[in-house]
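These notes are about the structure you will find just below.
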Amino acid sequence: MFHQIGVFFMSCLSLYLTFCEAEDYVLDDRSGLGRRFDGIGGLSGGGATSRLLVNYAEPYRSQILDYLFKPNFGASLHILKVEIGGDAQTTDGTEPSHMHYENDENYFRGYEWWLMKEAKKRNPNITLIGLPWAFPGWVGHGTNWPYDFPDITAYYVVSWIIGAKQYHDLDINYIGIWNERKFDSKYIKLLRYTLDKSGLQQVKIVASDNLWEPISTSVIFDEELSSAVEVIGAHYPGTTTVTQALLTGKPLWASEDYSTFNDDVGGGCWARILNQNYVNGRMTGTISWNLIASYYENLSFGRDGLMTAEEPWSGNYVVESPIWITAHTTQFAQPGWRYLKTLGHLEQGGSYVAFTDGNGNLTIVIETMTHDHSQCIRPPLPAFNVSAQSATFHLKGSFNALTSLQVWHSKLDFKRQNSILFKQLSPMKLSDGTFSLDLDVDEVYTLTTITTGQKGAHPAPPSSTPFPKIYKDDFNVRNPPFTEAPDFADQTGVFEYFINLTDPGPHVFTLRQVVTQRPVTWSADADQTISIIGDHNWQNLTVTCDIFIETAKTGGVFIAARVDQGGEAVRHAKGVFFWVYADGTYKVTNDIGGQIVLAEGLSGTQAGVWHTLSLTVKGQYATGMLNGYPLWKSAVVLQPKNGWAAIGTNTFELAQYDNFAIEAE
């Protein structure tokens with residue numbers, strides 16, 4: 001007997017364990033189905049993450065949008081979640097509010113309206129979600145807390161939903177509370193009441209876009225709150241949930257997830273969590289932060305998107321591996337389908353899920369991502385092992401009669417850097433509802449009855465090129481008609497196109513900083529407003545701009561070079577900042593806070609008058625000119641060595657800019 005076992009074992013080794021180690025898995029709908037699948041999506045915003053996308057010329061901009069949203073083409077996303085702009089820094093920049101001030105409404109600011117319409121144009125069934133990260137200062141009445149005046153906050157959020165419909169014919173499906181901040185039960189109930197009173201009963205609430213707790217326990221023990229909340233949404237759950245969340249009976253979403261550099265490890269992270277969010281945590285929706293890495297790469301979390309589009313000046317973009325990993329699920333299962341109950345982990349590591357539409361269609365997604373090749377940026381990933389294996393799947397119940405399945409395959413190759421992404425293979429023939437697969441590590445398979453899958457392709461985009469060394473903008477040409485000037489990335493404050501009707505001279509069309517009160521912040525906004533532009537590698541350059549101070553006595557503006565930081569670190573930015581003030585003085589500083597002074601003196605500048613500033617930084621020296629005349633002798637600049645160009649103001653104040661120009665070496 002023992003001799004026979006030994007012979008059998010050795011024969012398995014000689015066959016490389018191909019069949020001897022095969023494990024059996026059953027997919028069956030006879031005992032009922034699992035939870036409703038709510039979809040996979042991407043998040044635009046949470047920090048101006050789509051900022052550069054709108055500046056792409058056609059046809060490249062439409063091509064990018066196709067890869068994101070067009071059904072049966074690329075990622076074919078089911079969900080688009082957007083930031084409700086709040087005039088404050090929210091990771092990689094600021095997004096403008098539809099209400100800068102209490103008596104101000106404008107539903108054409110920013111690019112999220114445009115993006116939602118483009119997504120809807122490609123996929124009329126896409127789910128739209130809005131969530132505030134920050135709020136204009138008037139909402140908090142000077143405090144940094146929007147819940148002190150919940151009726152005002154609810155009115156502000158609901159007005160955005162109404163504006164989406166009234167001005168853009170966009171139906172918002174879900175609304176959030178306040179991104180990654182404490183929730184207030186009274187506010188959630190008031191928001192539900194305000195939505196209903198406004199005829200928006202169809203708009204559902206997601207709460208709380210933070211952790212599973214304490215929102216889950218609050219929903220369990222508060223019947224009114226439970227009635228108000230449709231979905232429990234958690235951020236970066238690590239594929240797990242908590243008992244209380246499951247006990248709510250609510251749909252559970254990873255309402256923000258991924259946030260990982262979009263190389264193949266990022267693709268592995270995305271593949272693993274898309275499956276295991278349901279296998280481990282029964283999450284039925286997963287939303288990537290972010291949708292597309294379309295912001296300057298040296299800002300926070302550079303290239304943490306499903307694809308990359310950070311060069312509107314060249315037209316270059318990159319369709320990264322997460323796009324095709326997404327397609328493995330999104331092209332073959334739609335919101336409203338149901339998960340099968342019979343799913344789980346593979347014996348040698350990895351996972352499998354299955355979906356059905358209830359009408360005979362079946363989609364199975366299998367992933368075998370290894371630990372080191374699927375690490376997300378957060379949370380930390382506990383150790384686990386995955387090895388090559390064979391798996392035999394037995395289809396039971398209504399699927400037993402299937403005779404073939406379409407097969408799509410991806411293999412992330414970290415040794416030869418020759419990954420296979422979303423390749424269609426020959427159909428899989430089934431015998432009595434059974435099929436087998438030899439699974440290697442770091443693979444994704446989709447087996448499906450759906451025959452419409454497609455790896456879409458556009459002609460290759462132009463090659464990557466650096467930001468132009470010669471750059472000019474007089475702010476007269478407004479095409480496309482967004483409120484932001486091309487390539488400027490606001491980091492604190494909001495800089496918008498402005499028509500100066502009181503000036504019959506050469507400065508009718510300008511760029512204006514419009515935020516005059518510190519917002520209810522989400523991040524650490526600087527005390528000064530600032531918008532960056534250009535190439536972070538710039539060292540030697542000249543920045544020139546006409547400026548107009550609007551605030552008498554206390555007003556001040558700057559132009560800058562070699563600005564080294566933005567995003568959440570913007571208040572600590574170093575660079576060369578050339579300031580002029582309404583009191584007739586100037587200052588040159590090495591920091592945005594104005595504490596490290598390199599030069600200072602009288603300038604004769606005043607409010608209500610246009611002045612031309614010019615700043616040249618070359619090597620260790622900086623020189624400046626005012627209205628064509630030198631203002632100071634060379635100031636010594638030791639740090640930083642490189643950075644962006646920028647414009648900004650001394651405080652949250654009105655100021656205008658015109659005829660901006662850069663000459664870089």
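The values are calculated or read from the model by the stated rules, or taken from the named source; none is laboratory data. Quick caveat, the model's predicted, so the values are computed rather than measured. For neighbour counting, all protein chains shown are included, and Cβ atoms are generated from backbone atoms with ideal geometry for every residue, glycine included.
Considering segment 577-632 alone, what residues qualify as being aromatic (Phe, Trp, Tyr) and under 18 Å from PHE660 (Cβ atoms)?
So in segment 577-632, the residues aromatic (Phe, Trp, Tyr) come out as 577-579, 581, 586, 610, 621, 629, 632.
Passing the criteria: PHE577, PHE578, TRP579, TRP610.
For a quick check of your reading: which strands (runs of 3 or more DSSP E) sit entirely within segment 554-639 and have at least 2 residues that are at negative phi and surrounded by 23 or more Cβ atoms within 10 Å (Cβ to Cβ)? Don't jump to the end; show me each part of the working.
Numbers: elements: 556-563, 574-581, 585-591, 597-602, 610-618, 621-626, 629-636.
Ranges flagged: 556-563, 574-581, 610-618, 621-626.
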Inset, instruction - Determine which single condition MET428 fails, assuming it passes every other condition in (1) under 24 Å from ILE325 (Cβ atoms); (2) surrounded by fewer than 16 Cβ atoms within 10 Å (Cβ to Cβ); (3) of a type outside the set (Lys, Arg). - result: (2)
Legend entry - Which numbered condition SER227 misses (of (1) part of a helix (DSSP H, G or I); (2) on the phi > 0 side of the Ramachandran plot; (3) not aliphatic (A, V, I, L, M)): (2)
Inset, instruction - Among the residues of segment 203-245, write down those that are surrounded by fewer than 21 Cβ atoms within 10 Å (Cβ to Cβ) and more than 27 Å from the chain's Cα centre (by Cα). - result: THR217, SER218, ILE220, PHE221, ASP222, GLU223, GLU224, LEU225, SER226, SER227, THR243, GLN244
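When you look at ARG512, is it buried (at least 23 other Cβ atoms within 10 Å of the Cβ) and of a type outside the set (A, V, I, L, M, F, W, C), yes or no?
On the way: buried (at least 23 other Cβ atoms within 10 Å of the Cβ): no; of a type outside the set (A, V, I, L, M, F, W, C): yes.
Taking the combined requirement at face value, the residue does not satisfy it.
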Legend entry - Number of the condition not met by ALA622 [criteria: (1) more than 30 Å from the chain's Cα centre (by Cα); (2) without any contact (Cβ under 8 Å) to a residue 60 or more places away in the chain]: (2)
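What about VAL26, is it assigned by TED's automatic domain parsing to the domain that holds TYR101 and either at pLDDT 95 or above or touching a Pro at 6+ places or on another chain (Cβ under 9 Å) (or both)? Step through it out loud before you land on a result.
On the way: assigned by TED's automatic domain parsing to the domain that holds TYR101: no; either at pLDDT 95 or above or touching a Pro at 6+ places or on another chain (Cβ under 9 Å) (or both): yes.
No; evaluated as a whole, the condition is false for this residue.
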Inset, instruction - Consider ASP196 carefully, then state whether it is surrounded by fewer than 23 Cβ atoms within 10 Å (Cβ to Cβ) and closer than 22 Å to ILE162 by Cα. - result: yes
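Let's see how each residue does on (1) without any contact (Cβ under 8 Å) to a residue 24 or more places away in the chain; (2) assigned to a strand (DSSP E or B); (3) in contact with a Gly (Cβ under 6 Å, 6 or more places away or on another chain):
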{"site": "ALA234", "(1), (2), (3)": "no, yes, no"}
{"site": "TRP253", "(1), (2), (3)": "no, yes, yes"}
{"site": "GLU256", "(1), (2), (3)": "no, yes, no"}
{"site": "PHE261", "(1), (2), (3)": "no, no, no"}
{"site": "CYS269", "(1), (2), (3)": "no, no, no"}
Inset, instruction - Could you grab the pairs with beta carbons closer than 9 Å, sequence gap of 6+ or different chains, first residue in segment 100-129 and under 11 Å from LEU80 (Cβ atoms), second one surrounded by fewer than 17 Cβ atoms within 10 Å (Cβ to Cβ) and hydroxyl-bearing (Ser, Thr, Tyr)? - result: GLU118/SER62
Legend entry - Conditions (1) assigned to a loop (DSSP other than H, G, I, E, B); (2) under 17 Å from THR451 (Cα atoms); number of the one not met by HIS328: (1)
Legend entry - Test: TYR296 is within 22 Å of THR217 (Cα to Cα) and either within 14 Å of the chain's Cα centre (by Cα) or in a helix (DSSP H, G or I) (or both): no
Legend entry - Odd one out for ALA560, checked against (1) over 20 Å from TYR295 (Cβ atoms); (2) touching a residue at least 60 places away in the same chain (Cβ under 8 Å): (1)
Inset, instruction - Report, by residue number, each residue of segment 105-131 that is surrounded by 22 or more Cβ atoms within 10 Å (Cβ to Cβ), touching a helix residue (DSSP H, G or I) at 6+ places or on another chain (Cβ under 6 Å) and assigned to a helix (DSSP H, G or I). - result: ALA119
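Looking for something closer than 28 Å to HIS78 by Cβ and at pLDDT 95 or above - is there at least one such residue anywhere in segment 142-153? Spell out the reasoning first.
Here is the first cut: in segment 142-153, the ones closer than 28 Å to HIS78 by Cβ are none.
No, every residue in segment 142-153 fails to be closer than 28 Å to HIS78 by Cβ and at pLDDT 95 or above.
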Legend entry - Considering residues of segment 132-146 that are more than 17 Å from GLY176 (Cβ to Cβ) and not hydrophobic (A, V, I, L, M, F, W, C) only, the residue surrounded by the most Cβ atoms within 10 Å (Cβ to Cβ): PRO136
Inset, instruction - May I ask you to say which residue of ASN316, ASN298 is in contact with a His (Cβ under 6 Å, 6 or more places away or on another chain) and at pLDDT 95 or above? - result: ASN298
